[in-house]
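Let me begin by presenting the structure, written as structure tokens, before commenting on it.
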Amino acid sequence: MSRTRTALLAAMALVAGATGTAFAVDPGGADIAAVPCTVDYKIQNQWSTGFTAAVTVTNNSAAKSSWSLKWSYAGNQKVTSGWNAKLSQSGAAVTAANESYNAQLATGASVSFGFQGSYSGSNAIPGTFTLDGVTCNVDDGGNPGPTDPPGPGGPSNRVDNPYAGAKVYVNPEWSAKAAAEPGGSRVSSQPTGVWLDRITAINGANGGMGLRAHLDEALRQKGSGELVVQLVIYNLPGRDCAALASNGELGPTEIDRYKTQYIDPIKTILADSKYASLRIVTTVEIDSLPNLVTNTGSRPTATPQCDVMKANGNYVKGVGYALNKLGDVANVYNYVDAGHHGWIGWDDNFGASATLFKEAATAEGATVNDVHGFITNTANYSALKENNFTINDNVAGKSVRESKWVDWNRYTDEQSFAQGFRNQLVSAGFPSSIGMLIDTSRNGWGGSARPSGPGAQTSVDTYVDGGRYDRRIHVGNWCNQSGAGLGERPQAAPAAGIDAYVWMKPPGESDGASKEIANDEGKGFDRMCDPTYTGNPRNGNNLSGSLPDAPLSGHWFSAQFRQLMQNAYPPLS
């Protein structure tokens, strides 16, 4: 799953900005022509002192070779940084002018940009926008124009952040297992993801709850408020080509079966009007697309299985098909898996992964607008924040990037990676409105082994190793890690660009068996789950760091769950 740096490459500048995204619209008709321009201003995330916003401007007048949008705030909002436009502010008045690459604005074309701001008190949306001095969102009579973005009762009921103001579904099957453990009642009411990891899971595998049963229970939990249901779409042909513990039921060429027997039935259920009031978050195909970047070709980390999946294109086709079909359901929010910082945080993986994700998001009839965001660290252990060192530190004449742990990565933790990769994804062509999810189910790294400060400055390695919260032997280790703890509890909008911290991987469910176990679930034995295994190029030929006596992936692992509670950070009360 993870990869290690195998050759020292020259540092490459990361793209921090974002290119403009133009959306074609039909400007025809006298009514639309009467509205010279429309502006869609959306607050994506908001916290106590700040917010992020996405703005889309549509020009219904003559084509422009440059543009300038202006508005004024009623409160004390301040724009602090932005992307895709040159933003300036004088008092309450804000101006957003084009960049050189998005200056052309044809008739009927749109351009998007975003920014981060601060505020106190209220954070009201501006009432008036002007494009090159002409008031937008009004027709000749000053009334709202017919192309104004729909409100809550309009054709689309999707919100910017589905987690904002909503409860999240508690899976009663997981909750019961957690509550049965000593002290488990402290976390058994937390929301976790429902994994649809094989075709039979749709209707209920081995007597368990099927998708409809979960959605019916979600309606009961919802009551009169809003509720998010988290589903993991996880059954690609040739699934997880760089690992064996989570191999799936479908062979590398069974793309048609994936479409007709897996995705299509899921869509049919989700599209049932009975469930229209739920906010359904789908996390699409964990541990798939990044493998095509990191574990193929001539790289030492390559596997024959990943080469096959890159050659036949079925990962790209499968993800595109899922996004297209599930994205047709008005209350579904698709989040695509984006690995984690210890997998695609290196220069040679970072941009290439974003480009590949764009390819998948525009395959099989999908568009980037079928993607609401991305999720990182799913079922992994990378620390949310490493506070005792930064990527810019230098110790004993060497950069932190030169330490064995960081190994020339650009990132040291998940939050900085998720925020940085979000910018890269926008640069690759995804809308600036996308948000990120971070799985914090097992990345707390608390307990007695948690460092209280930086390591000794004897060398860059003692400095990093002594201060890092992540206590794995190697960042490439992924299976049932010894010493791990529960991380931040699920919460909405915890940081800029982050839609939520989530527990998509239910804590206590095994990553894979520590020895070979015969089964009818298509799950193989991966030596990375064997605590005696001395490794491979993907983990720097280190010990696996796995717990012993683990069951098959997805099965309840009591010893792991108890360890996760013991080492939780923040600690459990």
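Between Thr253, Thr260, Thr268, the distinction of being within 17 Å of Cys306 (Cβ to Cβ), among the polar types (S, T, N, Q) and open to solvent by 10 Å² or more (accessible area, probe 1.4 Å) belongs to Thr253 only. Here the condition is being buried (at least 24 other Cβ atoms within 10 Å of the Cβ) and either farther than 28 Å from Gly320 by Cβ or among the charged types (D, E, K, R) (or both); of Val406, Val395, it holds for Val406 alone. Applying the condition of being of a type in the set (Ser, Thr, Tyr) and in contact with a helix residue (DSSP H, G or I) (Cβ under 6 Å, 6 or more places away or on another chain) to the range 302-351 and asking which residue is most open to solvent (accessible area, probe 1.4 Å) yields Tyr321. One residue alone among Leu486, Leu437 is part of a strand (DSSP E or B), within 23 Å of the chain's Cα centre (by Cα) and modelled with pLDDT of 95 or more, and that residue is Leu437. For the range 297-327, the tally of residues that are modelled with pLDDT under 95, farther than 28 Å from Asp470 by Cβ and not in a helix (DSSP H, G or I) stands at 2.
Going residue by residue through the range 99-109, is there one that turns out to be surrounded by fewer than 22 Cβ atoms within 10 Å (Cβ to Cβ) and without any contact (Cβ under 8 Å) to a residue 12 or more places away in the chain? Checked against the condition, which is being surrounded by fewer than 22 Cβ atoms within 10 Å (Cβ to Cβ) and without any contact (Cβ under 8 Å) to a residue 12 or more places away in the chain, the range 99-109 yields at least one hit. Applying the condition of being surrounded by fewer than 20 Cβ atoms within 10 Å (Cβ to Cβ) and small (Gly, Ala, Ser) to the range 75-97 and asking which residue is nearest to Gly121 (Cα to Cα) yields Gly75. Report whether or not Arg472 is over 30 Å from Tyr41 (Cβ atoms) and in contact with a Leu (Cβ under 9 Å, 6 or more places away or on another chain). When the stated conditions are applied, Arg472 does not pass them. If the requirement is being part of a loop (DSSP other than H, G, I, E, B), under 21 Å from Thr200 (Cβ atoms) and at pLDDT 95 or above, which of these qualifies: Pro265, Pro237? Testing whether each residue is part of a loop (DSSP other than H, G, I, E, B), under 21 Å from Thr200 (Cβ atoms) and at pLDDT 95 or above leaves just Pro237. Against the conditions (1) in a loop (DSSP other than H, G, I, E, B); (2) modelled with pLDDT under 95; (3) of a type outside the set (Gly, Ala, Ser), Asp549 satisfies every one except (2). None of Asp499, Asp511 is buried (at least 22 other Cβ atoms within 10 Å of the Cβ), in a loop (DSSP other than H, G, I, E, B) and of a type in the set (D, E, K, R) except Asp511. The conditions of being touching a residue at least 40 places away in the same chain (Cβ under 8 Å), open to solvent by 10 Å² or more (accessible area, probe 1.4 Å) and not hydroxyl-bearing (Ser, Thr, Tyr) are not met by Ala361. Per the conditions (1) in contact (Cβ under 8 Å) with a residue 40 or more places away in the chain; (2) more than 17 Å from Asn123 (Cβ to Cβ), the sole criterion not satisfied by Ser72 is (2).
Residue-wise test of (1) assigned to a loop (DSSP other than H, G, I, E, B); (2) open to solvent by 40 Å² or more (accessible area, probe 1.4 Å); (3) modelled with pLDDT of 90 or more; (4) within 30 Å of Gly540 (Cβ to Cβ).
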{"residue": "Thr6", "(1), (2), (3), (4)": "yes, yes, no, yes"}
{"residue": "Met12", "(1), (2), (3), (4)": "yes, yes, no, yes"}
{"residue": "Gln44", "(1), (2), (3), (4)": "no, no, no, no"}
{"residue": "Thr52", "(1), (2), (3), (4)": "no, no, no, no"}
{"residue": "Ser61", "(1), (2), (3), (4)": "yes, yes, no, no"}
{"residue": "Ser66", "(1), (2), (3), (4)": "yes, yes, yes, no"}
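Exactly one residue out of Gly75, Gly20, Gly29, Gly91 is modelled with pLDDT under 85, on the phi > 0 side of the Ramachandran plot and not hydrophobic (A, V, I, L, M, F, W, C): that is Gly29.
Out of all the residues in the range 293-301, is one or more in contact with a Lys or Arg (Cβ under 6 Å, 6 or more places away or on another chain), under 28 Å from Ala500 (Cβ atoms) and open to solvent by less than 10 Å² (accessible area, probe 1.4 Å)? For the range 293-301, residues in contact with a Lys or Arg (Cβ under 6 Å, 6 or more places away or on another chain), under 28 Å from Ala500 (Cβ atoms) and open to solvent by less than 10 Å² (accessible area, probe 1.4 Å): present. In the range 205-228, the residue that is least open to solvent (accessible area, probe 1.4 Å) out of those that are touching a Ser or Thr at 6+ places or on another chain (Cβ under 9 Å) and in a strand (DSSP E or B) is Leu227. Checked against (1) touching a residue at least 40 places away in the same chain (Cβ under 8 Å); (2) out of contact with any strand residue (DSSP E or B) (no Cβ under 6 Å at 6 or more places or on another chain); (3) of a type outside the set (A, V, I, L, M), Tyr501 passes all but a single condition, namely (2). Condition check for Arg401 on (1) in a loop (DSSP other than H, G, I, E, B); (2) more than 17 Å from Ile438 (Cβ to Cβ): one failure, at (1).
Residues in the range 236-264 that are within 24 Å of Asp328 (Cβ to Cβ) and of a type in the set (Asp, Glu): Glu254, Asp256, Asp264.
Considering the range 479-496, the residues that are crowded, with 24+ Cβ neighbours inside 10 Å and out of contact with any strand residue (DSSP E or B) (no Cβ under 9 Å at 6 or more places or on another chain) include one that is nearest to Leu547 (Cα to Cα), namely Ala484. Just wondering, is there one or more residues in the range 434-447 that are among the hydroxyl-bearing types (Ser, Thr, Tyr) and either at positive phi or open to solvent by 20 Å² or more (accessible area, probe 1.4 Å) (or both)? No, the range 434-447 has no match at all.
If the Cβ limit is 9 Å and pairs must be 6+ apart or interchain, which residue in the range 200-224 that is on the phi > 0 side of the Ramachandran plot pairs with which residue that is in a loop (DSSP other than H, G, I, E, B) and not acidic (Asp, Glu)? Every condition considered, the pairs that remain are Gly204/Gly210.
The values are calculated or read from the model by the stated rules, or taken from the named source; none is laboratory data. Treat the numbers as computed from the prediction; the structure is a model and nothing was measured. Don't worry about glycine lacking a Cβ; one is built from the backbone with ideal geometry, like all the others, and counts go over all protein chains shown. For accessibility, only protein heavy atoms count, side chains too; no ligands or nucleic acids. Shrake-Rupley method; radii C 1.70, N 1.55, O 1.52, S 1.80 Å.
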